[in-house]
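Single-structure report; data block below.
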Amino acid sequence: MTRKPTRTQTAATGAVETAEPRSVLHEGSVRAVDRALALLLAFRDDDGPLGLAEISRRVGLNMTTALRLMQTLEGHGFVQRLPSGGYLLGATLLLLGERFRRSFRLEHHVMPALERLRAESDESAAFFVRDGHQRRCLYRLDSPQLVRAYAPIGEVFPLGHGAHGRALIAFEGPPRRLPVVTRAERHPDLAAIAAPVLNAAGQVAGSIGISVPLYRFTPETEAHCCRLTMREAIQVSRELGGDAAPLLAAGAAAGI
């Protein structure tokens, strides 16, 4: 049943006011936030000052709505309006960026991803980073099963060897299939799946993946773990501010 606005009479003036249902107000507020964020995202790296007409065109809003939202954003310092009428991104965004940088902890993004990988695969999950010409295990959660893959946190292995070692250099040289899948490469009884994680600078921040004893590494397990690994690589990349497009393209090419 559709809820109708309620009509109330003010004591001071006797005027009748129409109060929108709470759900309608909430939906309108969320829509306004979505539109305001879209206006901020309309600015590109190579842009100079943008006119209201161009911003409206990029976002798909009429100029009246865009102007009202831009005025609100300007009031909070998210955009700056120049005397010429053009708009630039405002200093508040720089302040928020610095707060993000100072409060950033990689583990806050990686550990939840590893927990999801372990819970959904029932296997060991790990995150490696590049350390010169080696790779180092930075975070790890072991499988709850008795027979499981194991690598101590802090242990180093050769770069370019094993699933994680290959994932860390996946965007160097010829394109590699992602996620990287290896069998009996680091250890004769283990298979591994890994994919790179990208940061805001477009660099590989690390690799995330799953290790499975070979006797449990069936085609069904491989397909399942590939999907999980690519999902988490994309998710963590986005949380780090990275462009997940290369990972999405690689996943699509692999049929994931």
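The values are calculated or read from the model by the stated rules, or taken from the named source; none is laboratory data. These figures come from a predicted structure and were not determined experimentally. Backbone-built Cβ (ideal geometry, glycine too); neighbour counts: all protein chains shown. Remember, those area values only see protein heavy atoms, side chains included, never the ligands or the DNA or RNA. Shrake-Rupley method; radii C 1.70, N 1.55, O 1.52, S 1.80 Å.
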Practice problem: Evaluate segment 217-233: report whether one residue or more is hydrophobic (A, V, I, L, M, F, W, C), out of contact with any Phe, Trp or Tyr (no Cβ under 6 Å at 6 or more places or on another chain), open to solvent by less than 50 Å² (accessible area, probe 1.4 Å) and within 22 Å of residue 131 (Cβ to Cβ). | Solution: yes
Quiz item: Which condition number does residue 119 fail, the rest of (1) part of a helix (DSSP H, G or I); (2) in contact (Cβ under 8 Å) with a residue 12 or more places away in the chain being met?
Solution: (2)
Quiz prompt | Neighbours by Cβ (under 7 Å, 6+ apart or cross-chain): first from segment 239-256, open to solvent by 50 Å² or more (accessible area, probe 1.4 Å); second in a helix (DSSP H, G or I) | solution = 239/109; 248/234; 256/226; 256/227; 256/230
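Mind listing just one residue for me: the one in segment 186-208 that is open to solvent by less than 40 Å² (accessible area, probe 1.4 Å) and β-branched (Val, Ile, Thr) and, of those, farthest from residue 165 (Cα to Cα)?
First pass over segment 186-208, keeping only residues open to solvent by less than 40 Å² (accessible area, probe 1.4 Å): 190-199, 205-208.
Within this subset, residues satisfying the condition of being β-branched (Val, Ile, Thr) are 193, 197, 208.
Working: 193: 11, 197: 13, 208: 11 Å.
Ranking the candidates gives 197 first.
If only one of 141, 93, 82 is at pLDDT 90 or above, under 30 Å from residue 47 (Cα atoms) and not acidic (Asp, Glu), which one is it? Let's see the steps before the verdict.
Values: 141 fails: under 30 Å from residue 47 (Cα atoms); 93 fails: at pLDDT 90 or above.
Exactly one of 141, 93, 82 is at pLDDT 90 or above, under 30 Å from residue 47 (Cα atoms) and not acidic (Asp, Glu), namely 82.
Go over the candidates 140, 136 one by one and state the one that is open to solvent by 40 Å² or more (accessible area, probe 1.4 Å), of a type outside the set (S, T, N, Q) and out of contact with any Phe, Trp or Tyr (no Cβ under 6 Å at 6 or more places or on another chain).
Working: 140 fails: open to solvent by 40 Å² or more (accessible area, probe 1.4 Å).
136 is the lone residue from the list that is open to solvent by 40 Å² or more (accessible area, probe 1.4 Å), of a type outside the set (S, T, N, Q) and out of contact with any Phe, Trp or Tyr (no Cβ under 6 Å at 6 or more places or on another chain).
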Quiz item: Does segment 155-173 include one or more residues that are open to solvent by less than 50 Å² (accessible area, probe 1.4 Å), touching a helix residue (DSSP H, G or I) at 6+ places or on another chain (Cβ under 9 Å) and part of a strand (DSSP E or B)?
Solution: yes
Self-check item: Filtered residues of segment 122-133 (kept if open to solvent by 50 Å² or more (accessible area, probe 1.4 Å) and assigned to a strand (DSSP E or B))
Solution: 130, 131
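In segment 53-61, is there at least one residue being surrounded by 12 or more Cβ atoms within 10 Å (Cβ to Cβ), of a type in the set (Ser, Thr, Tyr) and either within 24 Å of the chain's Cα centre (by Cα) or in a strand (DSSP E or B) (or both)?
no
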